[in-house]
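Working notes, beginning with the structure itself.
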Amino acid sequence: MIFITGGAGFIGSHTCLELLNAGFSVTVFDNFCNSQPEALVRVQQITHKELTVVRGDIRDRFSLEAALRKSGARAVIHFAGLKAVGESVQLPLSYYDNNVTGTLCLLQSMQSCQIKTLVFSSSATVYGNPQYLPLNEDHPLASTNPYGQTKLVIENMLRDLQRSDATWRIGILRYFNPVGAHASGLIGEDPQGIPNNLLPYVAQVAVGKREFLNIWGNDYDTPDGTGVRDYIHVVDLALGHLAAVNKLENQGQCFTVNLGTGIGYSVLDVVRAFEQASGKPITRQYSPRRAGDVASCYADPRHAQELLGWQAQRDLATMCQDAWRWQGKNPNGYSGH
Ligand code: NAD
Ligand code: UDP
């Protein structure tokens, strides 16, 4: 049994699906502040398997610990948290509360239940402004906004915990840019309001929900002047969590790994790939750089490959085709069902 906080969200729902397919039992603990129960209904529909859903907030220590104990879980995957960089600048206390206080509550609950195996969702944002590329796990850590700061605080908390008690088994996964959707088109990313991220925005332009894409900057020191990122298919990312859980359970070793493809694509590369996948033109205009953006960011994925035997398999065309299938079938996300 695996206990999954934030399991109804974008990455969580895809991970639940892969865990069920691999024969794990799953309990999801989610307050649905940025997701809908329908995502988990669909996960069960696709897999023909059942999971347990508990509605609750990870900051509510009493409910969390009760659910954790009842689940009989042997490991936790911790996705729950807030993730919008811009919003974190406006609402830093909400971010520290949800992400840091929430994680603290989770760790205390786990300790009290004697469950000491944890996979944590960190982010490439902990590398700050890249000093060299590709980014390996030894790159210095820095943060440029409150969201990134919460990930750094949590990583430090986990490292301290590990040092204090060697029976903890902790896997820190630093995601690059998760995109795409399950190939069924039944689950995918369902951003509320105007999407901040490139792929969902492009998909909404293709489906006619938004008029045009603003490309934030075409004067970066990159091959075509637009920003370069390491986009990774969410199903590959989900499979990385399975590899991480297996590693922790079988070998009990703590680790920190990048989950990326190692390939950087520009905004224009993505736009062209999406046009190809959807057969729709993506109207776009160039706008000034977005505050806080870096020119290029991509992973050195070798450590994950060597340690976990995991490697991303799905290419940019597949990411766009799958995102398009999800968008086409669910133009209003889960609310339209
Ligand atoms: P998401 O918002 O789709 O999923 C997060 C889930 O956590 C949602 O279902 C939300 O309802 C739940 N949640 C939030 N606060 C909660 C709380 N206090 N109690 C209980 N549930 C709560 O986000 P995602 O894209 O699936 O990201 C999952 C994790 O991965 C997050 O920790 C995020 O910071 C991290 N991450 C995401 C990205 C990305 O680009 N998507 C990149 C790097 C890291
Ligand atoms: N981007 C863009 N227009 C948008 C959203 C994003 O040009 O509407 C660019 C952004 O400047 C960056 C890349 O697309 O170069 C990826 O942005 P995203 O927000 O998806 O990821 P992050 O910047 O957090 O890595």
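So with the 1.4 Å probe, I'd like the accessible area per residue for segment 193-264, rounded to whole Å². All intermediate terms of the calculation are to be shown ahead of the outcome.
Details: 2660 Å² over 72 residues.
For segment 193-264, the per-residue accessible area is 37 Å².
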### Message
Given a 1.4 angstrom probe, I'd like the percentage of the accessible area of the chain that is carbon and sulfur, rounded to a whole number.
### Response
48 percent
### Summary
Taking every other residue with Cβ under 10 Å from the Cβ of residue 20 and scoring Lys and Arg +1, Asp and Glu -1, one gets -1
### Task
Would you mind putting 235-244, 251-260 in packing order, based on average other-beta-carbon counts within 10 Å, highest first?
235-244, 251-260
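What does the accessible area per residue of segment 79-137 come to in Å², with a 1.4 Å probe and no ligands, DNA or RNA counted?
Values: 2440 Å² over 59 residues.
Accessible area per residue: 41 Å².
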#### Entry: Highest-first arrangement of 35-42, 127-134, where packing means the average Cβ count within 10 Å
35-42, 127-134
#### Entry: Gap separating the Cα centres of segment 288-323 and segment 150-190, nearest whole Å
15 Å
### Summary
Projected convex hull area of segment 201-337, Cα atoms, direction-averaged, in nm², equals 10.1 nm²
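When all alpha-carbon pairs of segment 197-262 are counted, what percent fall beyond 16 Å?
Details: 1420 of 2145 pairs.
Tail of the P(r) past 16 Å holds 66 percent of the pairs.
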### Message
Using each residue's phi in segment 289-305, evaluate 6.51 cos²θ - 1.76 cosθ + 1.60 at θ = phi - 60° and report the 3J(HN,Hα) Karplus result to the nearest Hz, with x for Gly and Pro.
### Response
3, 7, 4, x, 6, 9, 5, 9, 7, 8, 8, 8, x, 5, 5, 4, 5
### Message
Given bins 5 angstrom wide, list per bin the percent of all Cα-Cα distances in segment 30-136, short to long.
### Response
2, 10, 17, 20, 18, 15, 10, 6, 2, 0
### Task
Give the Rg/Rh ratio for segment 236-297, taking Rg as the radius of gyration of the Cα atoms and Rh as the Kirkwood radius, to two decimals.
1.17
#### Entry: Highest-MSF residue in the chain out of 81, 227, 193 [GNM, Cα springs under 10 Å]
193
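Taking a temperature of 20 °C and a viscosity of 1.002 mPa s, what whole-number D in µm²/s does Stokes-Einstein yield for segment 1-69 with Rh from Kirkwood over alpha carbon pairs?
Values: Rh = 11.8 Å.
Rounded to a whole number, D works out at 181 µm²/s.
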### Summary
Binned at 10 Å from zero, the C-alpha pair distances of the chain give percents of 6, 26, 37, 24, 7, 0
### Task
Evaluate the charge dipole of segment 1-142 about its Cα centre and quote only its size in Debye, nearest 20, assuming +1 on the Cβ of each Lys and Arg and -1 on the Cβ of each Asp and Glu.
400 debye
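Taking the Cα centre of the chain as origin, sum charge times position over the Cβ atoms of Lys and Arg (+1) and Asp and Glu (-1), and report the length of that vector in debye to the nearest 20. It would help to have the intermediate numbers written out before the result.
Values: 28 positive and 30 negative charges, 118 e Å.
Computed about the Cα centre, the dipole is about 560 debye.
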#### Entry: Amide proton proximity set for residue 215, modelled H, under 5 Å, gap of 5+
285, 286, 287
#### Entry: For segment 198-285, with +1 on Lys and Arg beta carbons and -1 on Asp and Glu, the positive-most of 198, 270, 281 along the dipole
281
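Using the Cα centre of segment 165-307 as the reference point, and only Cβ charges (+1 on K/R, -1 on D/E), how large is the resulting charge dipole? Debye, rounded to the nearest 20.
For segment 165-307, the charge dipole is close to 240 debye.
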### Bridge type composition, segment 179-303 - antiparallel percent by DSSP, nearest 5
20 percent
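Given segment 263-337, what whole percent of its Cα pairs are spread farther than 21 Å? Each step should come with its number before you reach the end.
On the way: 1395 of 2775 pairs.
Summing the P(r) of segment 263-337 above 21 Å gives 50 percent of all pairs.
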### the chain - share of DSSP beta bridges that are antiparallel (%, nearest 5)
5 percent
### Message
Give me, ordered by chain and number, the residues 5 or more places off residue 169 or on other chains with an amide H under 5 Å from its own placed amide H.
### Response
117, 118
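Give me the count of lysine pairs in the chain whose alpha carbons sit under 17 angstrom apart, restricted to pairs 8 or more positions apart or on different chains. List each step's numbers first, then the result.
On the way: 70/116; 83/151; 116/247; 209/280; 209/329; 280/329.
Taking the chain as the scope, the lysine pair count is 6.
Stokes-Einstein at 25 °C, 0.890 mPa s, Kirkwood radius from Cα pairs: D for segment 113-262 in µm² s⁻¹?
Numbers: Rh = 17.6 Å.
The Stokes-Einstein estimate is 140 µm²/s.
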### Query
Using the Cβ atoms and a cut-off under 15 Å, what net charge is assigned to the surroundings of residue 273, where Lys and Arg are +1 and Asp and Glu are -1?
0
### Query
Taking Cα centroids, how far is segment 24-92 from segment 236-272 in Å?
20 Å
## Note on the structure
Helix-only [θ] at 222 nm, the chain, -39500 (n - 2.57) per DSSP H run of 4+, per residue, nearest 500, equals -12000 deg cm²/dmol
### Query
Could you give me the ³J(HN,Hα) list for segment 25-36, computed from phi with Karplus coefficients 6.51, -1.76, 1.60 and θ = phi - 60°, whole Hz, x at Gly and Pro?
8, 9, 10, 9, 10, 8, 9, 6, 6, 9, 6, 9
### Message
Can you give me the angle between helix 316-329 and the longest principal axis of the chain, using Cα atoms only, in degrees from 0 to 90, rounded to the nearest 10?
### Response
90 degrees
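The values are calculated or read from the model by the stated rules, or taken from the named source; none is laboratory data. Just so you know, these numbers come straight off a predicted model, no measurement behind them. Glycine gets a Cβ as well: all are built from the backbone with ideal geometry, and neighbour counts include every protein chain shown. These area figures cover heavy atoms from the full protein model, side chains too; ligands, DNA and RNA do not enter into them. Shrake-Rupley method; radii C 1.70, N 1.55, O 1.52, S 1.80 Å.
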